[in-house]
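Below you'll find the structure, written out as structure tokens, and then a few comments.
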Amino acid sequence: MSQSLSDLRPSLSDIEKAAESIATAVLRTPTLPAQILSQIFGAEIFVKYDNMQITNAFKERGALNKLLSLTQEQKDAGVIAMSAGNHAQAVALHATRLGIPSTIVMPEFTPFVKVAATKAYGATVILEGETVAEAGIAAMRMAEESGATFVHPYDDPYVIAGQGTVALEMLADVPNLDCLVVPIGGGGLISGMATAAKAINADIEIIGVETELYPTMYNELNNLELPCGGQSLAEGIAVKKAGRLPALIASDLVSDIILVTEGQIEQAINAYATHLKTMAEGAGAAGLAAVIAKPERFKGKRVGLVLCGGNIDPRLLSSIIVRQLGRKQQIVGLRITIPDRPGILGEISTVIGDLGGNVLEVDHHRTFLNVPVKGASIDITIETRDAEHAREIIRGIEAKGHAVAHLNAPQE
């Protein structure tokens, strides 16, 4: 008689066993108070730094627990996984360490840096399919044909139990948390954490977070069919179909799912970088994005956030930080129409300097048709203290008789 889906649900005991099994190979990461964030949002915020793992993401926990559950015969036959990122590296790292042959199927669009990192951990990488879903179909076909074990990234009781160890550690460090805010992709992390946390403290609230572009579990739990798709900063949780077992567990234990915008994820990544001096990928920052989206929901509470991954392209991080400076009007773009004669640029630069601004970049335009033939347009990027300081500089330039367009003015 086959097991029902409910029979596969891991228990607190399963998660505690997973914690013992992986203890020597997976870092027990700290859960620390985030004082600046607490002051900003009026809540006591604690951050679980699972971006400190060897592969910089929580996925090692579930992957290793699954690998340790295999028989020797299964280990000899090898494992196959599907992933475009963190799960791939987690399986590759620990399979190689345990002497298990591993093959990772990745979508053809996967960035070279992720492919190279997965190969460096000892896996054979096959690029197949345009999407993660297509890569998954290929991986399952290969597993069936070869006799290798397919290591699912989230819809597996051993994987879920491994991810649940995050909550064990958080509640050991901060026992009286009011809620855990957990990013949701396929649901492995939140279902494991919810199982552990609710067994330890029935009153703790489990809140999930998804990007508005991929409201996968939100659809599952609310019987909705909101569209899923698009380019998201949080590609780690950009999943179109939640796992069946995680959805079953979440339906019982998760009290709320908050949908966040791409802008809120961007702000959260920046906040981790500037306030906590740590790197968060989009999915890793989703918990903080939920607090940014609904600060009143968390005011006065003791909130546990899971920084579950830090694998972000440094160029993307740099762009996000600069864009955030623009939002705060600390970097401002101005387009100024001037007569094309000597000394004007020096005059404008003097105004900016006298008012305490700093010129970062200047670009002349003389061929724009909306500029008089004896005139010119210049784009100047300046560094300011804040929005009021930017307005003061604009008024100073206008007082010299020049028309100024504020290129990155805040949208009303």
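The values are calculated or read from the model by the stated rules, or taken from the named source; none is laboratory data. Computed from a prediction, not measured in an experiment: that's the story for all the values here. We place every Cβ from the backbone using ideal geometry, glycine too, and count neighbours over all the protein chains shown.
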Taking into account only those residues within the stretch 209-262 that are touching a Pro at 6+ places or on another chain (Cβ under 7 Å) and farther than 20 Å from Gly284 by Cα, which is surrounded by the most Cβ atoms within 10 Å (Cβ to Cβ)? Leu245
From the list Val404, Val371, exactly one residue is modelled with pLDDT of 90 or more and over 23 Å from Gly263 (Cβ atoms). Which is it? Val404
Assess whether Asn65 counts as being part of a helix (DSSP H, G or I), crowded, with 22+ Cβ neighbours inside 10 Å and not assigned by TED's automatic domain parsing to the domain that holds Met140. no
Which residues, counting only those in the stretch 331-347, are outside any strand (DSSP E or B) and in contact with a Lys or Arg (Cβ under 7 Å, 6 or more places away or on another chain)? Asp340, Glu347
Qualifying position, being assigned by TED's automatic domain parsing to the domain that holds Ile190, closer than 16 Å to Val181 by Cα and touching a Leu at 6+ places or on another chain (Cβ under 7 Å), among Gly282, Gly229: Gly282
Subset of the stretch 11-62 [over 30 Å from Val79 (Cβ atoms) and outside any helix (DSSP H, G or I)]: Pro30, Thr31, Leu32, Pro33, Ala34, Gly42, Ala43, Glu44, Ile45, Phe46, Val47
Residues satisfying the stated conditions in the stretch 114-147, i.e. in contact with a Pro (Cβ under 8 Å, 6 or more places away or on another chain) and not in a helix (DSSP H, G or I): Thr124, Leu127, Glu128, Gly129, Glu130, Thr131
If we keep just the residues of the stretch 179-223 that are assigned to a strand (DSSP E or B) and of a type in the set (Asp, Glu), which is nearest to Val151 (Cα to Cα)? Glu210
Could you tell me which numbered condition Val47 fails, if it satisfies all but one of (1) β-branched (Val, Ile, Thr); (2) surrounded by 24 or more Cβ atoms within 10 Å (Cβ to Cβ); (3) in contact with a helix residue (DSSP H, G or I) (Cβ under 6 Å, 6 or more places away or on another chain)? (3)
Output the number of the condition that Gln264 fails; it satisfies all remaining conditions of (1) part of a loop (DSSP other than H, G, I, E, B); (2) closer than 27 Å to Tyr49 by Cβ. (1)
Residues that are part of a helix (DSSP H, G or I) and surrounded by fewer than 24 Cβ atoms within 10 Å (Cβ to Cβ), drawn from the stretch 267-297: Gln267, Asn270, Ala271, Ala273, Thr274, His275, Ile292, Ala293, Pro295, Glu296, Arg297
